[in-house]
Amino acid sequence: MSTSSTIALCEEAKKASLEVAALTTEQKNDALATMADFLLLESEAILAANAEDVSKATGIISDVMIDRLRLTEDRIRGMADGIRALIDLPDPVGKVEREYTHPSGIDIKKVRYPLGVVAIIYESRPNVTSDAAALCFKSGNACVLRGGKESYNSSKAIVDALKKALSKCGITESAVGLVSDLTHESAQELMEAVGLVDLLIPRGGHGLIHRVVTSAKVPCIQTGEGICHVYVDASADIGKAICIVNNAKTQRPSVCNAEEVLLVHKDIAGEFLPVLKEHLVDRRESEGSIPVELRLDPKAAEFIDGKPAGPDDFDTEFLDYILAVKVVDNMAEAIEHISKHSTGHSEAIVTESERNANVFVRSIDSAAVYVNVSTRFTDGGEFGLGCEMGISTQKLHARGPMGLEEMTTYKYVVRGDGQIRK
């Protein structure tokens, strides 16, 4: 039986991973600089391919998802800048985590080492293509990328540019591979590529992540889905709270670190919620911006008008101009609600009480917990990691924004002079 194109790509990546793992930091950094240059050199072709993707997807996916799909010259420059940012970051490969001298004189070192082949299944965000490829490369890994069908032409144009850069640097182009078969069968092949894929990362909505986590036979990391909460405490500064909620919800609602649920203490709800509605609904309508649809629990509906919250609204990642709003009796209720409904991504408290802030931080078990800060900061670039592979919402191996170090494992290197164990 013939080998499928997806498995063949994984086999090529496995061979390439040995070459990439052996590259020096200088070689990798030179290649990254060339990759960034080629993104800009090939920007016309990338934009043309993206225009084709956007045209095909218009009317099929929502406007906010079109925004995720669309590339501009500025966004391509941002992709190139993200790659260049990795050059200045320390190379995790070879980093000594721990060193111990055994009584026999044996030297034992715990050393960072590449994972090998990293496969990424993601949806319609073509910038993920360059981010993932660059992170894998700098951390000494080969990668196999499988983007969504809506962004395939864009991803292919980006990968073509990156391959040209690798070729110019004398590095195998197989270090970065793009799956051309976008059927469910090819995704399943990646999930079952034991011995070829060392780590599988899904980036997308609940359906994609659930399928990978429940079906994969290769190691995988759960990422992305973000039902992010902001809790406005009784002691909150209203101006500060409005600014944070507005940013967390409207700055870019289609991303995983955008706020989806607002919890408001009952003692401040009567003053806060009308101001919130003025900013997120009334003012945006008058300015010609998309207003936020407020989905209110019965207590919140006593203070402002909005759509009654449905049974699933507090468990939905809207990725749109929609915000579920609930009034709580106290912070303990807010913490209990978050613990029940959160996906473990990012949660924030707005408060002027240091005690309440500390209790919230200790009690919330999410990858990122904020005090008086918008959840929109959960991002590898914002956290000083360069670009990111995704936001891990699990606890083993990696948690939160996944940068270079999270794309490595470790091994023990033991040196001696003929010692044997007695």
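The values are calculated or read from the model by the stated rules, or taken from the named source; none is laboratory data. Predicted model only: the values in this text are computed from it and were never measured. Note that each Cβ is placed from the backbone with ideal geometry, even for glycine, and that neighbours are counted across all protein chains shown. Ligands, DNA and RNA are stripped out before the accessible areas are found, and what is left, the full protein with its side chains, is counted by its heavy atoms. Shrake-Rupley method; radii C 1.70, N 1.55, O 1.52, S 1.80 Å.
Things to note:
- Degrees, to the nearest 10: 73-87 long Cα axis against longest axis of the chain: 60
- Looking at the chain alone, DSSP beta bridges between its own residues are antiparallel in about 30 percent of cases.
- Length-normalised contact order for region 130-207 - Cα pairs under 8 Å, 6+ apart - percent: 31
- Over 18 Å [Cα-Cα, region 1-53], rounded percent: 61
- Summing +1 for each Lys or Arg and -1 for each Asp or Glu among the other residues whose beta-carbon sits under 13 angstrom from that of LEU23 gives -2.
- GLU185-VAL96 pseudo-label distance in nm [points 7 Å out on the Cα-to-Cβ vector]: 5.2
- Crossing angle, helix 152-168 versus the chain [Cα axis fit, 0-90 degrees, rounded to tens]: 40
- Tilt relative to the chain, helix 238-250 - C-alpha long axis, 0 to 90 degrees, to 10: 50
- The candidate values are (i) 75, 61, 41; (ii) 99, 48, 45; (iii) 85, 55, 40; the one derived from this structure for Cα extents along the principal axes in Å carries the label (i).
- For the residues PHE360, PHE383, PHE137, a GNM of the chain with alpha-carbon springs under 10 Å puts the largest fluctuation on PHE383.
- Protein heavy-atom accessible surface, 1.4 Å probe, per residue over the chain: 44 Å².
- Solvent exposure, largest accessible area first (probe 1.4 Å, DNA, RNA and ligands not counted), of ARG284, ARG355, ARG211: ARG355, ARG211, ARG284
- Model label zone, GLN394; criterion: amide N under 13 Å from point 7 Å along Cα-to-beta-carbon; scope region 118-156: none
- Summed residue charge, Cβ within 14 Å of GLU173's Cβ, Lys/Arg positive, Asp/Glu negative: +2
- For the pair region 105-168 / region 193-213, the C-alpha centres are spaced 15 Å from each other.
- Here the sum of -39500 (n - 2.57) over DSSP H runs of 4 or more residues, divided by the residues of the chain, equals -12500 deg cm²/dmol at 222 nm, to the nearest 500.
- Rounded to the nearest 10 square angstrom, LEU40 shows an accessible area of 70 square angstrom against a 1.4 Å probe.
- Choice from ARG98, ARG125, ARG283 showing the highest fluctuation, given a GNM over the chain with Cα pairs closer than 10 Å: ARG98
- Principal semi-axes of the equivalent ellipsoid, √(5λ) from the alpha carbon gyration tensor of region 215-334, are 26, 17, 14 Å from largest down.
- Accessible area of the chain belonging to carbon and sulfur atoms, whole % at 1.4 Å probe: 49
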